[in-house]
1. Would you check if there is a residue in segment 26-35 being open to solvent by 70 Å² or more (accessible area, probe 1.4 Å) and either modelled with pLDDT under 80 or polar (S, T, N, Q) (or both)?
2. Taking segment 71-89 only, how many residues are within 21 Å of L17 (Cβ to Cβ) and out of contact with any helix residue (DSSP H, G or I) (no Cβ under 6 Å at 6 or more places or on another chain)?
3. Which of the residues belonging to segment 49-84 are open to solvent by 70 Å² or more (accessible area, probe 1.4 Å), part of a helix (DSSP H, G or I), within 15 Å of A38 (Cα to Cα) and not basic (K, R)?
Amino acid sequence: MLGVQTHDDIPDGMSALDALMRILVKNAGASRGCLLLARAETLFLAAEARAEGPQIEVRIPHEPEASPSDLPASLLNYVRRSREKVILDDGTA
């Protein structure tokens, strides 16, 4: 199963968060995935993965960053209020 790995399965130099983001984006067939964490009432970007062809690039900031400005504020506010997961089939539509 692709989504299940042990610590020993993670390549040297790759963090567990890096491996998780790669697995999530690949399994979702997504072109982009963001992990946002809440601190008080503010959402911060903890990791971002972008797929271009077969390559998946993962960026993990050293310090959590403000959520990216290209994420729709209305969607972020909905998630913050409802505490529900949101998966977009086509985020550009």
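1. Scanning segment 26-35 turns up at least one residue that is open to solvent by 70 Å² or more (accessible area, probe 1.4 Å) and either modelled with pLDDT under 80 or polar (S, T, N, Q) (or both).
2. Summing the residues that are within 21 Å of L17 (Cβ to Cβ) and out of contact with any helix residue (DSSP H, G or I) (no Cβ under 6 Å at 6 or more places or on another chain) in segment 71-89 gives 5.
3. Across segment 49-84, the qualifying residue is only Y78.
The values are calculated or read from the model by the stated rules, or taken from the named source; none is laboratory data. Source: prediction; values computed, not measured. All Cβ positions, even for glycine, are placed from backbone atoms using ideal geometry, and neighbour counts span all protein chains on display. SASA here: full protein model, heavy atoms, side chains in, ligands and nucleic acids out. Shrake-Rupley method; radii C 1.70, N 1.55, O 1.52, S 1.80 Å.
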